[in-house]
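Every read-out reported here was derived from the displayed coordinates using simple, explicitly stated rules and does not represent laboratory data. Keep in mind that what you see is a predicted model, and the values were worked out from it rather than measured. Virtual Cβ from ideal backbone geometry, glycine too; neighbours counted across all protein chains shown.
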Amino acid sequence: MNTSRTVFEFYGTTAAEDLRAAYRLNVNKTKLYRLAKRYYPEIGPMKAAAFIKYPRSRDYALDFKVGEYYHHLFLSVCGGKARLGDEWLTYDDEWEWVSRWECHSLTLDELRAFDMAEEVGA
């Protein structure tokens, strides 16, 4: 089993799919923007969002603003599972930065719906 950060594994749900398959993230700005739009339908236009591909890894981020909140959406593989982290920032009443983190696990079906998972050849 490959335990690197870039490969994750899923088990099939039927007897025919009961083999373990390895996948890797395949992400670009358009795909990550479409995923962000699912969680934040009021997101601005794609050209206003900043896409980040972290060097020497398959980690990705999208920075955008929704209303008064600034979001840093981070997509990575951790512990063999695809994770979507969202750090959102805003100002409080005293004009100090307030920051919060939320993390969601993504299923293979969710990744496939946005064409973000590619099977590693056997």
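Observations
- Radius, Kirkwood style, for the stretch 36-122 when every pair of distinct Cα atoms is counted (Å): 14.4
- Candidate cross-link partners of Lys29 among the lysines, defined by an alpha-carbon separation under 17 Å and a same-chain spacing of 8 or more, comprise Lys37, Lys47, Lys53, Lys65.
- From most to least packed by mean Cβ count within 10 Å, the peptides 37-45, 77-85 give 77-85, 37-45.
- Per-pair calculated FRET efficiency, R0 = 30 Å: Glu110 and Tyr69 via Cβ, rounded to 0.05: 0.85
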